[in-house]
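Below you'll find the structure, written out as structure tokens, and then a few comments.
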Amino acid sequence: KQGGLDVIQTYVFWNLHEPQPGKYDFSGRYDLVRFIKEIQSQGLYVCLRIGPFIESEWTYGGFPFWLHDVPGIVYRTDNEPFKFYMQNFTTKIVNMLKEEGLYASQGGPIILSQIENEYQNVERAFGTAGSQYVEWAAKMAVGLNTGVPWVMCKQTDAPDPVINTCNGMRCGETFTGPNSPNKPAMWTENWTSFYQVYGGLPYIRSAEDIAFHVALFVARNGSFINYYMYHGGTNFGRTASAYTITGYYDQAPLDEYGLFRQPKYGHLKELHAAIKSCSTTLLQGVQRNFSLGELQEGYVFEEENGGCVALLINNDKGNNVTIQFRNSSYDLLPKSISILPDCQNVAFNTANVSTTSNRRIITSRQNFSSVDEWQQLQDVIPNFDDTSLRSNSLLEQMNTTKDTSDYLWYTLR
């Protein structure tokens, strides 16, 4: 909130909340209701991405492992066993939140919900069953009567009234737009960095680049932008998906430890303040755009009462450009957008970073120099004759371990 955000977006983790069929866990850190009420108490709103497939570099995409053993099940398609359990869980979550009055239609903070997640990436593989599943998921979600809109990200065929949204780094350029004229342009994941795999280097995305694409999306009538991630974190234990390190989006404006990562945090805070200073005109004004040069363009939002906002864009990556706008000259930095909340004075330029960079300093707190401070843990490797599982062929790991371990020991003779 201090950084100028209004909405907290969160996934709902099926594997945490329903570890066994029909047995739910909302205790301790899994207390979803308490978390949403805490958000509300801070004057913020909620976008609830129920999924219940969430991907998010999370083990098994957030699915509980017991789904694996449901007879005849095929995930994320027009399959009756899968739809049965998916609808059960989604309904459980919605009803629990309804009972607490947490939807905006009840005066609560939840203004959006998401069903499924980036399904279009795999939809074609399922053929007609894939498109039927999209129709079913949308109808099922809307039928839960939350009184607030549902979204599907990366789903250009999201059925009315479910809103199709964009994910990526440059949705102002890549988003094909809402698939119906009565839907707003929304961006559910503006990647501030990217997840990191073991052996890989962190992906560094500049504050200038993030700010440019946020401003561009606003200029092109974008009404909701969510950062993924704005606050990094740690996926402890076995919660991270295969190959993904436990540190998650450490390059976010708030890093893995919740510390400011400057200038990213401060630059975006200034951007948010500039946009909010003229948000009424951006929402209510009539938009028009025009050319200001070969690689330059402008967007103006005007209200009948005189309110006026301009966004002046320089798409030239290598050169400063001076443009003329309303009888005044404006110097535009390379690959930048200037925001003029009154169509006269520049309040913010996406490439002009005034926030001082910082550096995270790691200090050693404890030195395990004495042998007494170490403990040896040793795996028990059983004798072959003491084991009972025998097979004439190699065993599939997940079926054998039931996800209790990432390791399967076997002896071959």
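The values are calculated or read from the model by the stated rules, or taken from the named source; none is laboratory data. Treat the numbers as computed from the prediction; the structure is a model and nothing was measured. Note that each Cβ is placed from the backbone with ideal geometry, even for glycine, and that neighbours are counted across all protein chains shown. In case anyone asks, the SASA skips ligands and DNA or RNA and just uses the protein heavy atoms, side chains included. Shrake-Rupley method; radii C 1.70, N 1.55, O 1.52, S 1.80 Å.
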Non-local amide H neighbours of Asp31 (under 5 Å, H modeled in plane, Pro and chain starts lacking H): which ones?
none
Spelling it out for Phe325: with amide H atoms placed in the peptide plane at 1.01 Å from N, the residues 5 or more places away or on another chain with amide H under 5 Å from its amide H are Tyr330
How do 104-116, 285-297 rank on mean C-beta neighbours within 10 Å, highest first?
104-116, 285-297
Please state, to two decimals, what the Cα-based radius of gyration of the stretch 211-316 comes to when divided by 2.2 N^0.38 Å (N = residues).
1.41
Can you tell me the order of 207-218, 377-388 when each peptide is scored by its average per-residue count of other Cβ atoms within 10 angstrom, highest first?
207-218, 377-388
Report the local net charge at Gln284: Lys and Arg +1, Asp and Glu -1, summed over other residues whose C-beta lies under 11 Å from its C-beta.
-3
What is the pair-distance distribution P(r) of the chain, computed from all Cα-Cα distances in 20 Å bins starting at 0, with each bin given as a whole percent?
22, 50, 24, 4, 0
Under a Gaussian network model of the chain whose springs join Cα atoms within less than 10 Å, the largest fluctuation of Ala347, Ala158, Ala138 belongs to Ala347
Please work through the chain and write down the cysteines that have no neighbouring cysteine Cβ at a distance under 4.7 Å.
Cys47, Cys153, Cys278
Residue-normalised accessible area of the stretch 294-413, given per residue in Å² at a 1.4 Å probe
78
Å² per residue, accessible surface of the stretch 44-174 at 1.4 Å
38
Which percent of the accessible heavy-atom area of the chain goes to carbon and sulfur, probe 1.4 angstrom?
50
Averaging over every viewing direction, what projected area does the convex hull of the Cα atoms of the stretch 114-198 cover, in nm²?
7.0
So what is the 222 nm mean residue ellipticity for the chain from helices alone, if each DSSP H run of at least 4 adds -39500 (n - 2.57) and you divide by all residues, rounding to the nearest 500 deg cm²/dmol?
-6500 deg cm²/dmol
Compute and list, largest first, the equivalent-ellipsoid semi-axes of the stretch 279-413 from the alpha carbon gyration tensor, each √(5λ) rounded to a whole angstrom.
66, 26, 16
Nearest-5 percent of antiparallel DSSP beta bridges in the chain?
55
Build a GNM of the chain with springs between Cα atoms under 10 Å: which of Phe348, Phe325, Phe53 gets the top mean-square fluctuation?
Phe325
For the stretch 163-220, how big is the tail of P(r) above 16 Å, as a whole percent of Cα pairs?
49
Quote the relative contact order of the stretch 211-287 in percent (integer), defining contacts as alpha-carbon pairs under 8 Å separated by 6+ residues.
25
Calculate how steeply helix 128-142 sits against the longest principal axis of the alpha-carbon atoms of the chain, using the helix alpha-carbon long axis, and give the answer as 0 to 90 degrees to the nearest 10.
70
